[in-house]
Amino acid sequence: MVVIGRQFVYDVADPLHPRLVCRGANTEVHLVDANAIAYLRPIGSQSFIVRRNLTTGAETRVAQLRVDPSLATDAWTSDGLLQLYTTFVERADGTYVVSVRLWSNGASHVLFTFVTGTGDASGRWGGILTLEFSPDHAYIALSDSSFAPRSNNVRIFSVADNRQKFVTQMDAVGGTWISKDRFVWATREAKVMQWTPAGGAALLRSERWFGPTSSADGKWLAGTLLTDESKPRVLIVSVAGGNTIQADGLASGPGFVTPTVVWYAEEGPAPEHSGIDTWPNGTVHALNLTNGSDQVVQFRAGESPIGPGLVYCCRTRG
């Protein structure tokens with residue numbers, strides 16, 4: 001099973017012929033295991049994390065969210081024990097004092113507070129949200145752009161003591177955990193960086209990536225390569241070094257649906273007067289890293305994760 005864009009749940013036993021298991025509607029979906037998902041459900045004036053057994057359809061209410069998800073960006077674990085959320089206080093000048101909080105060990109902790117500016121991030125490649133707990137839930141990485149569009153710092157906090165362990169000095173455009181204690185992010189300055197608790201921040205690659213993501217086993221790293229913004233490409237590299245694979249043609253938004261199969265969106269000419277050069281054209285590819293095959297995914301009618309004006313494919317992390 002795999003979740004695309006926190007909305008589409010697919011059975012990818014055959015990555016070229018996936019089966020849509022379910023689709024979220026005005027909610028957010030997390031994969032718990034091969035037989036269960038967790039999603040957000042409003043009940044009355046509150047929202048809850050609900051676990052659903054995909055075989056029997058049985059549902060269990062797991063935990064209540066600390067804040068209305070329609071009012072604040074948030075991240076949460078499927079057991080409900082960890083929840084990241086924000087609270088806002090408006091100021092006279094129209095800006096807001098934002099407190100970013102972590103619910104853990106049954107209590108709310110303020111991670112940091114800032115004042116929002118005005119304006120917005122510009123362009124298709126202007127920014128990408130990062131809100132991702134490490135695989136062992138010991139850390140959380142988050143981007144300021146989740147709360148303030150003009151700031152693209154990435155911060156890493158320890159869940160145990162709520163302390164900030166790192167903040168980027170260069171604007172980030174997406175990041176991902178590739179192991180329980182190794183975080184990788186891309187910058188606008190054509191660098192791919194990594195952080196570990198022991199070694200701190202270090203340069204990993206000198207290329208302009210956007211939205212890096214990794215395989216579940218941490219062996220592969222993929223992202224949209226923006227050497228030329230008008231000609232986005234998908235690049236996949238071995239974390240251990242050596243192997244580098246590039247998808248055929250213009251492409252974007254890679255996501256690992258198995259440890260060795262990447263789905264990505266094929267790009268075509270953008271709508272006229274849109275102000276951008278390319279846009280996903282509705283075709284999704286599956287690139288097999290084992291044998292190098294690059295084939296079009298055959299979705300059944302109405303089951304594709306790409307729709308007019310709304311692109312989900314193919315991010316599976318975060």
Worksheet item: About its Cα centre, what dipole magnitude does segment 76-223 give when the only charges are +1 on Lys and Arg Cβ and -1 on Asp and Glu Cβ, stated in debye to the nearest 20?
Response: 300
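Compactness ratio of segment 158-225: Cα Rg over 2.2 N^0.38 Å, N = residue count?
Against the compact-globule rule of thumb, the ratio is 1.08.
Figure the gain on full extension for residue 158 and residue 81 (residue separation times 0.36 nm, minus the Cα-Cα span) and round it to one decimal in nm.
Taking 0.36 nm per residue and subtracting the Cα distance, the gain is 26.2 nm.
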Item to complete: At 0.36 nm per residue, minus the direct Cα-Cα distance, what do residue 170 and residue 13 gain on full extension? Give it in nm, one decimal, please.
Response: 52.6 nm
Worksheet item: Per 5 Å bin, what percent of the C-alpha pairs of segment 274-318 does each bin hold, from zero upward?
Response: 5, 17, 22, 24, 18, 12, 2, 0
Worksheet item: What length, rounded to one decimal in nm, is gained on full extension from residue 179 through to residue 89, with 0.36 nm per residue of separation minus their alpha-carbon distance?
Response: 28.8 nm
Fill in: Translational diffusion of segment 1-107, µm² s⁻¹ [Kirkwood Rh, Cα pairs; Stokes-Einstein; 37 °C; 0.692 mPa s]
215
Worksheet item: Tell me, what is a quarter of the convex hull surface for the C-alpha atoms of segment 86-212, in nm² with one decimal?
Response: 8.1
Discussion item. Give me the mean projected area, in nm² to one decimal, of the convex hull enclosing the Cα positions of segment 219-286.
Written reply: 4.6
Worksheet, complete the sentence: Cα extents of the chain per principal axis, largest first, Å, are 50, 49, 45
Item to complete: Using a cut-off of under 12 Å, list every residue of segment 191-228 whose amide N is near the label point 7 Å from the Cα of residue 136 along the Cα-to-beta-carbon line.
Response: 197-198
Item to complete: Evaluate the distance, in nm, between pseudo-label points positioned 7 Å from the Cα of residue 243 and of residue 230 along their respective Cα→Cβ axes.
Response: 3.5
Discussion item. Please enumerate, by chain and number, the lysines with C-alpha under 25 Å from the C-alpha of residue 180, excluding those fewer than 8 residues away in the same chain.
Written reply: 165, 191, 219
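Each reported figure results from applying straightforward, stated rules to the coordinates on display, with no laboratory input. Just so we're clear, the structure is a prediction, and the values are computed from it rather than from any experiment. Don't worry about glycine lacking a Cβ; one is built from the backbone with ideal geometry, like all the others, and counts go over all protein chains shown.
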